[in-house]
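For reference, the structure discussed in these notes is given below.
The values are calculated or read from the model by the stated rules, or taken from the named source; none is laboratory data. It should be emphasised that the depicted structure is a prediction, and the values quoted were computed from it without experimental measurement. Ideal geometry is used to build each Cβ from the backbone, glycine not excepted, and the neighbour counts take in all protein chains shown.
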Amino acid sequence: MNTEHLRAFVTAVDEGTFDAAAALLRISGSAFSQRIKALEREVGQVLLTRTVPVRATTAGADLLRTARQIVLLEDDARRRLGLRAAGDPQEIITLSAAVNADSLATWFIGVLREAAAWDDVELHVVSEDQGHTQQLLRSGTVLAAVAESPAPVSGCRSTRLGTMRYWPVATRELVDRSTSAGVSGGEGVADLSRMPRLDFSVRDPLQRAGLSRVGVDRTPVTHLIPSVEAYNASVFGGLGWGMIPERMMPDGVVDGTHEELTVLEEIGPAESTLYWQRWTTATPALDRLTEAVRRAADRGLR
């Protein structure tokens with residue numbers, strides 16, 4: 001297969017439109033379309049939907065991962081051999097990675113700081129729940145991912161990074177409103193079946209797992225807040241209870257001295273073990289990203 005045809009295919013998926021992809025590659029729209037058509041003729045199947053945004057068809061999804069690997073290897077080889085002219089837009093190697101939102105807001109920032117010194121790499125980071133990042137790796141959407149499963153995707157290697165600890169947090173006022181009579185000392189015990197909870201997304205398992213540990217199968221209200229900053233602010237503001245990463249906990253909450261926030265002791269902390277999964281295809285750029293991830297994880301995870 002012609003590498004420039006594969007590059008056009010990958011760029012169309014990443015940019016979302018033929019026009020944007022053509023502009024990035026500095027070729028005309030008609031020349032870009034001809035590259036896609038030539039690739040589709042060669043494989044005998046339609047690879048891209050002509051929609052906005054452009055999407056890979058089933059056949060295209062099967063080809064995408066291989067296409068990314070070929071483009072990455074060619075980019076790396078050309079750079080090492082000095083075959084690119086100064087100012088060539090293709091001299092920059094694109095590294096795409098899927099990272100869960102909590103990691104992206106905490107320890108993964110160390111990776112971004114290291115990448116600030118790289119002049120030959122651009123990062124395309126996709127935010128996705130750690131339980132689903134492997135799907136993006138498997139499809140070829142990304143070439144590396146922070147995942148919760150130690151079992152590597154086919155064609156990838158897996159390295160343990162460490163664990164993130166989460167604490168179930170609520171405002172004291174919310175706990176008071178959801179309290180039933182306790183069994184000792186006349187104190188109240190939070191009735192978790194009456195307390196609203198916050199989920200980051202419909203696939204967020206942390207709160208459900210916590211409730212399951214104490215025998216609660218449902219709550220009256222479940223708010224969906226798909227932003228780490230807004231999620232934490234909502235917990236701290238009393239909209240509902242939620243699991244907060246330990247590195248984002250205000251001082252005094254865990255030891256019980258915070259005036260407004262408290263840990264739900266009935267649920268207790270939870271830990272999520274994270275793994276770095278990456279293509280086995282070895283390039284200096286991908287290796288450099290992997291080392292930066294390991295260093296950041298060493299500093300920021302348990």
Query raised in the report: Is it fair to say Val121 is within 30 Å of Pro226 (Cβ to Cβ), among the β-branched types (Val, Ile, Thr) and touching a residue at least 60 places away in the same chain (Cβ under 8 Å)?
Result: yes
Query raised in the report: Would you pick out the residues in the stretch 87-110 that are in a helix (DSSP H, G or I), polar (S, T, N, Q) and either modelled with pLDDT of 90 or more or under 20 Å from Arg165 (Cα atoms) (or both)?
Result: Ser103
Report task. Only residues that are more than 11 Å from the chain's Cα centre (by Cα), within 14 Å of Val99 (Cα to Cα) and assigned to a strand (DSSP E or B): list them for the stretch 125-161, please. Result -> Leu161
Report task. Kindly list, by first and then second residue, each pair from a residue in the stretch 263-292 that is within 15 Å of Ser96 (Cα to Cα) and not assigned by TED's automatic domain parsing to the domain that holds Val253 to a residue that is aromatic (Phe, Trp, Tyr) and assigned to a strand (DSSP E or B), limited to pairs with Cβ atoms under 8 Å and residues at least 6 apart or on different chains. Result -> Leu286/Trp279; Thr290/Trp276
Query raised in the report: If you check Glu266 against the conditions, is it of a type in the set (D, E, K, R), at pLDDT 95 or above and surrounded by 15 or more Cβ atoms within 10 Å (Cβ to Cβ)?
Result: no
Query - Failed criterion for Gly242 (all others in (1) touching a Lys or Arg at 6+ places or on another chain (Cβ under 8 Å); (2) farther than 30 Å from Pro150 by Cβ; (3) in contact (Cβ under 8 Å) with a residue 60 or more places away in the chain hold) - result: (2)
Query raised in the report: Which strands (runs of 3 or more DSSP E) does the stretch 171-280 wholly contain that include 1 or more residues that are under 26 Å from the mean Cα position of the chain (by Cα)?
Result: 197-199, 222-224, 242-245, 270-279
Query raised in the report: Which one of Val52, Val46 is in a loop (DSSP other than H, G, I, E, B), surrounded by fewer than 21 Cβ atoms within 10 Å (Cβ to Cβ) and in contact with an Asp or Glu (Cβ under 7 Å, 6 or more places away or on another chain)?
Result: Val46
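Do we find that Thr257 is loosely packed, with under 15 Cβ neighbours inside 10 Å, on the phi < 0 side of the Ramachandran plot and of a type in the set (Val, Ile, Thr) in this structure?
Judged against the criteria, Thr257 is a match.
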Query raised in the report: From the list Arg80, Arg84, Arg113, which residue is more than 19 Å from Gln277 (Cα to Cα), surrounded by fewer than 16 Cβ atoms within 10 Å (Cβ to Cβ), at pLDDT 90 or above and more than 11 Å from the chain's Cα centre (by Cα)?
Result: Arg113
Requested in this report: Quickly run through the stretch 281-302 and pick out the residues that are assigned to a loop (DSSP other than H, G, I, E, B) and not hydroxyl-bearing (Ser, Thr, Tyr).
Outcome: Ala282, Leu301, Arg302
Query - Residues being surrounded by fewer than 17 Cβ atoms within 10 Å (Cβ to Cβ) and modelled with pLDDT of 90 or more - total across the stretch 130-153 - result: 3
Query raised in the report: Regarding Arg203, is this residue in contact (Cβ under 8 Å) with a residue 24 or more places away in the chain and of a type outside the set (A, V, I, L, M)?
Result: yes
**Report entry** Count - residues of the stretch 218-233 that are touching a Lys or Arg at 6+ places or on another chain (Cβ under 9 Å), under 20 Å from Leu261 (Cβ atoms) and not hydroxyl-bearing (Ser, Thr, Tyr)
**Finding:** 2
